[in-house]
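Worksheet: one structure, shown below.
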Amino acid sequence: MKPIYSGKVREIYDISDQHLVIVTTDRISAFDHILPMPINEKGIVLNKLSNFWFHKTQSIVPNHIVDDNVKNMPPFFQNEYFKDRTVMVEKLKMLPFEFVVRGYLFGSMWKAYENGEEFCGAVLSGDYKLAQKLDHPVLTPALKFDVGHDEYVSIKEVESRIGTEAADQIAKSCFRLYELCSEYAFSKGLIIADAKFEFGQNEQGQLILADEIFTPDSSRYWDVCNYKVGVSPRSFDKQFLRDWLINNKANGKFQFEKVPEDVLSQTEKLYHNCLNRLIVG
Ligand SMILES: Nc1ncnc2c1ncn2[C@@H]1O[C@H](COP(=O)(O)OP(=O)(O)O)[C@@H](O)[C@H]1O
Ligand SMILES: [Mg+2]
């Protein structure tokens, strides 16, 4: 069987009219580049985390998960490799937006704030420092493009595309998801600075939460122990990798092929640490 789509991290298989199978690989990207070497079991960690959060939030919003047991999938997936990294999902018509809820001021929203520019149609008021917690979480949608970078848009723009009612329903769901899950993560010593959500519509026109949720690939996780307002927090998952790449450039270029074994194994430990702290510890 061949995937119909091969993303940066996931392989998508079309198995029937209603269902897709999504396999999360061990691929890792840094600075928009996929490394030639995998992070052992990263896909399993991401899949377990996403499934954990989908299960925890199913009363807030319906999600696309149909089954996470490969035994209930076509014979092709009955293989040790696919176990724990594969889900069967409802095939949806995806909305062309990503919805990011931000609880802390960082990344592109911080840049806009620093320059006094608007972001997603609004200028943030108040006096903030880098990485500071926002008074209220904000929703910053982005229009997805197949090639190139996504474009931040206002809620008004989303409303004009999908209607006020759907936009409203999504906004409410996003805030409730972020509130519930960031509180839970905080109790385990992790800050979820922001979280990206994708929605799609099923055949009945119902809005369904899809893709992955609250994985280190789609959310910024920070360690409460290292968090300080005004200081750029190191990424919980990719800090060793990014630090090594920055400190080992040759002729101004990142040496993606040369990342040493110990950096890969430290990165692997961080992913497992995230999973263990949230789910076990
Ligand atoms: N239930 C679903 N139905 C249809 N498409 C989905 C569903 N869930 C996720 N997708 C899409 O599958 C792709 C996931 O693969 P991924 O490796 O994350 O790709 P990307 O590199 O584009 O982020 C995304 O394009 C996402 O929008
Ligand atoms: Mg993705």
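Throughout, read-outs are computed from the coordinates displayed, never taken from laboratory work. Everything numeric in this text was worked out from a predicted model, so none of it was measured. When we count neighbours, we look across all protein chains shown, and the Cβ atoms used for this are built from the backbone with ideal geometry, even at glycine.
May I ask you to derive the FRET efficiency for Arg234 and Glu261 from their Cβ-Cβ distance with R0 = 35 Å, giving the value to the nearest 0.05? Walk me through the numbers before you get to the answer.
On the way: r = 21 Å, r/R0 = 0.60.
With R0 = 35 Å, the Cβ-Cβ based efficiency is 0.95.
If a paramagnetic tag sat 7 Å from the Cα of Phe175 along the Cα-Cβ line, which residues of segment 97-117 would have the backbone N under 14 Å from that point?
Once the point is set 7 Å along Cα→Cβ of Phe175, 101-103 turn out to lie under 14 Å by backbone N, inside segment 97-117.
Taking a virtual spin label 7 Å from the Cα of Lys71 along the C-beta vector, which residues in segment 35-64 bring their backbone nitrogen under 20 Å of it?
Of the residues in segment 35-64, 48, 51-52 have backbone N under 20 Å from the label point off Lys71.
Regarding segment 175-281, what whole-number volume in Å³ per residue does the convex hull of its Cα atoms give? Show your work: numbers first, answer last.
Details: hull volume 17.4 nm³, N = 107.
Each residue corresponds to 163 Å³ of Cα convex hull volume.
Taking R0 as 35 Å, what FRET efficiency do you get between Glu80 and Tyr227 from their Cβ-Cβ distance, rounded to the nearest 0.05?
Values: r = 39 Å, r/R0 = 1.11.
That gives a FRET efficiency of 0.35.
So between Ile15 and Lys133, what do we pick up on full extension, going 0.36 nm a residue minus the alpha carbon distance? Mind dumping the intermediate values first?
Values: separation 118, 0.36 × 118 = 42.48 nm, distance 4.31 nm.
So the extension gain works out to 38.2 nm.
Quick check: Cα centre of segment 73-87 to Cα centre of segment 232-278, how many Å?
So the separation of the two Cα centres works out to 28 Å.
Stick to Cα atoms and the Kirkwood definition of Rh, then tell me Rg/Rh for segment 16-169. Intermediate values should be presented prior to the final figure.
Working: Rg = 18.9 Å, Rh = 18.5 Å.
Ratio of gyration radius to Kirkwood radius: 1.02.
If the chain between Asp168 and Asn40 were fully stretched, how many nm would it gain, using 0.36 nm times the residue separation less the Cα-Cα distance? Each step should come with its number before you reach the end.
On the way: separation 128, 0.36 × 128 = 46.08 nm, distance 3.99 nm.
Computed gain between Asp168 and Asn40 is 42.1 nm.
Rounded to the nearest Å, what's the spacing between the alpha carbon centres of segment 30-50 and segment 139-185? Just the number, please.
Using only Cα atoms, the two centres lie 25 Å from each other.
For segment 153-213, just say rounded, prolate or oblate: build the C-alpha gyration tensor, square-root its eigenvalues into a ≥ b ≥ c, call rounded for a/c under 1.5, and beyond that prolate if a/b exceeds b/c, oblate if not. Please report the intermediate quantities before stating the final value.
Numbers: a/c = 2.76, a/b = 1.87, b/c = 1.47.
It is prolate, given that a/c is not under 1.5 and a/b is the larger ratio.
Taking a 29 Å limit on the Cα-Cα distance, which of the listed pairs Lys56/Lys238; Lys93/Lys253; Lys2/Lys156 fall beyond it? Write out the running numbers ahead of the final one.
Values: Lys56/Lys238 26 Å; Lys93/Lys253 39 Å; Lys2/Lys156 39 Å.
Those over the limit are Lys93/Lys253; Lys2/Lys156.
By its C-alpha gyration tensor, with a ≥ b ≥ c as the square roots of the eigenvalues, how is segment 93-226 shaped: rounded for a/c under 1.5, else prolate for a/b larger than b/c, else oblate? Could you put the intermediate results ahead of the total?
Details: a/c = 1.84, a/b = 1.28, b/c = 1.45.
Oblate shape, in that a/c is at least 1.5 and b/c is the bigger or equal ratio.
May I ask you to list the residues of segment 20-42 whose amide nitrogen lies under 14 Å from a point 7 Å from Cα along the Cα→beta-carbon direction of Tyr5?
20-24
For the chain, what is Rg from Cα atoms divided by 2.2 N^0.38 Å, rounded to two decimals?
Against the compact-globule rule of thumb, the ratio is 1.01.
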